[in-house]
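Worksheet for the structure shown next.
The values are calculated or read from the model by the stated rules, or taken from the named source; none is laboratory data. Small disclaimer: the values here were computed from a predicted structure and weren't measured. Quick reminder, even Gly has a Cβ in these numbers, built from the backbone with ideal geometry, and neighbours come from all protein chains shown. Note: accessible area is taken over every heavy atom of the protein model, side chains too, but ligands, DNA and RNA are not part of it. Shrake-Rupley method; radii C 1.70, N 1.55, O 1.52, S 1.80 Å.
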Amino acid sequence: MLSEVKTFQKEYMTQFEDLYAYSYEEGTDTERFLALGLLLRRYYGDRWKESVSEYRQDKKRQVYYFSMEYLPGRQLKSNLLNLGLLQTARTAIDGLGLDFDQIVRAEVDPALGNGGLGRLASCFMDSMASTGIAGNGCGIRYRYGLFKQKFVNGHQIELPENWLRNLNVWEVRREGKAVTVRFGGTVELVPNADNDLKPVYHNTQTILAVPYDTPQIGYHNKTVNTLRLFSAEVPYEDETAYQTPQERNAVKQITEVLYPDDSNYEGRLLRLKQEYFLCSAGIQTIVNHFKGLKLEWSEFPEKVAIHINDTHPTLCIPELMRILLDDEGLSWEQAWNIIHKTFSYTNHTILAEAMERWPVDMVERTLPRIMQIIWEINRRHYLIKGALYGQDIAHKTAPVIDGQVQMAHLAILASHSVNGVAKLHTEILENYTLRNFKLISPAKFNNKTNGITLRRWVMLANEPLSNLIDQRIGKEWRSSPKEVSLLKAYQTDKKLLKELLAVKKANKERFAAYVADQMNIEIDPNALFDVQIKRLHAYKRQLLQALHIIDRYWRIKEDPGSIQQPRVFIFGAKAAPSYHYAKEIIKLINALADLVNNDPEVSEFIKVVFVENYGVSLAELIIPSADLSEQISLSGKEASGTSNMKLMANGALTIGTLDGANVEIRDSVGEDNLFLFGLKADEVENLKASHIYHSADYYHNNPRIKRILDTLIDGTIPDIEEEGRDIFDSLVTYNDEYFLLKDFDSFVDAQDQADLAFQDPHEWARKCLLNIAASGNFSSDYTVLRYAKEIWKVDPGLHLFNIQDFS
Ligand code: 26V
């Protein structure tokens, strides 16, 4: 270790001086970070090369995970951990008189995603490498990530996120592997010498897709996979085609910025272009690789498994059809057969308003050949499925309905596997949302409950907890996550429970220091830290928590002493820029924070903290400090949730509805170790169908609710005239679409129980321990192993996993 540290220090100093021509002592933290990153490249370079060449030489079956979003977080510590170099690097860097943790924080956190879907993709990349699955990620190298969020007078303001302003040390530009992507123009089908129809293109625009590769390093194994992100550029040899700066800019526009997840999905031309750009570039890359293997086309599905993360990359399907038909001369039947064996699709949402649909004329204008292929898929669908199941079913499941391309329909029809992301979600898909598809192809449907990588979310985010676990049960849990359940045996071990509380306290102090420094708010680490961190959306019901805070406010005002347990309500959330209602909720919570935090009578018992610019790095700071995990979506709406798993793994107790993966969390940790409340999914459906819910009755008949809602419009909360009125109306006048008022009393009861439970630290710590012990079940290592076995049919590499572990 000592000589390793010395070598590392020497190499680091040389690396720094080579790069900047002065000593590391004079550098900035960013420079120190960049030198460290560049040094690391030498440590994984060989393994990366070997993994890639092994996959090629052995003609290994590979997975290609297509996602419009990735949220990898900072990569320095993660790469060091997986390489087994974390302690060496820390000792070496600190030994040079630098601050390792400060240097770590100088890395930018790439916000190339909106939320759960993007973070899941990154957990999967880490887990595929760590379980030795030959998995590649395909995505877009957005020039600007998701906007940077600022609060001005409590309102969300969006600023551009220029994440590439410094060198990105992890990526490698591979210009030599660039491919071209065609847009627009017209296409004519002309018979060739064999009398086959071949497309002839006129006036198309050609754009270069340049790949940037980032290594995905496996944990303590030899695997280094690749995340390939494509950037749109003007083709070098075709520069004359883009003469004006406007024309050249239009090309770069395609990968300029990530689209925010909007409450009401609206097809936008640029988004369609982005999606096709990713699909075409990725599929061409796969085809090029496959052609290098010199195999028959019929062997394509044996070598390639393509997974599409939600419907966003669905155009991969017609794009591969296009290449097989037009460039490779396969028949429709041969090509479709290959498609079907190759593709699988994950659904991440059942919200109807988020479903992707594209107007046929827009697709026609932008991607004329692709639209022809979609029409042919549609024609054959009616022919075959109509004959088998009748025209009504064929119509309801068609790829094109009412002049709109239905992305989900296309994805489901073409794929051999369609999965939901938690048990309840999959059941809802099968029985309601996608029931007609289940009818025509029952065997396609399956569930794969989401997971999280414990490496990032426990080992890196919560080193003190990880060390404590090591001390008790050894280190096996680090490569075999279910072994964390051995902790269960210690649930009555007073010493351990005390240590657990001490770790939590230290993490709370660390977050409190951040809040004091960044927001100038003092929070007490002895208070209960109550955390809700996720995209801002009406169905996730951040507003329910806001109403609960107002309730506490009045309880304290009216009867000081009625609330005994001090709490800090912590929020982190971004709202899509055009999602007006979500932004109003942000303003309400910020205004409420002003009211509560500045009222000495109240602030002793309630503090409200809405952190700015929530993302992966902030999550890593907040989650280890949480006591209570808010998972309070309206039952049936949250596909899975993954912050529920991260919080549980860090010893927070869940308060939640039986929604998404909360159901599995309940099953594995036991009903006594979380706080459940509210309507169940079937009760929500029945209530909706019966039309008997009148939210105004709750307002008029429940004095507590009336009091709270009046607070929104009577000036108690400063500066929310408009927002308060709109929110009031949504709950009273527009019948409370997400049943907040219906669930309110049961929510507050559960919150009061949580208060009570928190007052017995020993018992609370025992429940924390049981949550941590159950969290191994939610390792994304198991999730990807299930995908590998049941969907992708790929073998994990040599690794430490026991096959029983994930069955
Ligand atoms: C939606 C849309 C709508 C169309 C325009 C572009 C766009 C981009 C992103 C999104 C995000 C919605 C999908 C999503 O993040 N779903 C979440 O996926 C998590 C991982 O499976 C899951 O845990 C969450 O419950 C689910 O909301």
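Okay, here's what the table says:
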quantity	calculated
Scope region 631-645; condition touching a residue at least 60 places away in the same chain (Cβ under 8 Å) and within 11 Å of the ligand (Cβ to nearest atom); matching residues	S633, K637, E638, A639, S640, G641, T642, S643, M645
Condition broken by I521, with the remaining ones in (1) touching a strand residue (DSSP E or B) at 6+ places or on another chain (Cβ under 7 Å); (2) open to solvent by less than 10 Å² (accessible area, probe 1.4 Å) satisfied	(2)
Positions within region 287-338 being among the aromatic types (F, W, Y) and either open to solvent by 10 Å² or more (accessible area, probe 1.4 Å) or in contact (Cβ under 8 Å) with a residue 40 or more places away in the chain (or both), in sequence order	W297, F300, W332, W336
Residue in region 176-191 that is at pLDDT below 95, part of a loop (DSSP other than H, G, I, E, B), touching a strand residue (DSSP E or B) at 6+ places or on another chain (Cβ under 7 Å) and loosely packed, with under 14 Cβ neighbours inside 10 Å present	no
Failed criterion for T30 (all others in (1) open to solvent by 20 Å² or more (accessible area, probe 1.4 Å); (2) away from the ligand (no atom under 16 Å from the Cβ); (3) closer than 28 Å to Y787 by Cβ hold)	(3)
Lone qualifier among S668, S746, S730, S695 - being hydroxyl-bearing (S, T, Y) and open to solvent by less than 20 Å² (accessible area, probe 1.4 Å)	S695
Sole residue being out of contact with any strand residue (DSSP E or B) (no Cβ under 9 Å at 6 or more places or on another chain) and within 28 Å of E601 (Cα to Cα), chosen from A502, A461, A513	A513
Breaking point among (1) small (G, A, S); (2) away from the ligand (no atom under 16 Å from the Cβ); (3) open to solvent by 50 Å² or more (accessible area, probe 1.4 Å), for A352	(2)
Pick from region 261-286, criterion within 16 Å of the ligand (Cβ to nearest atom) and small (G, A, S), ranking: surrounded by the fewest Cβ atoms within 10 Å (Cβ to Cβ)	G267
Some residue of region 46-53 being closer than 15 Å to W170 by Cα, of a type in the set (S, T, Y) and either open to solvent by 80 Å² or more (accessible area, probe 1.4 Å) or assigned to a helix (DSSP H, G or I) (or both)	no
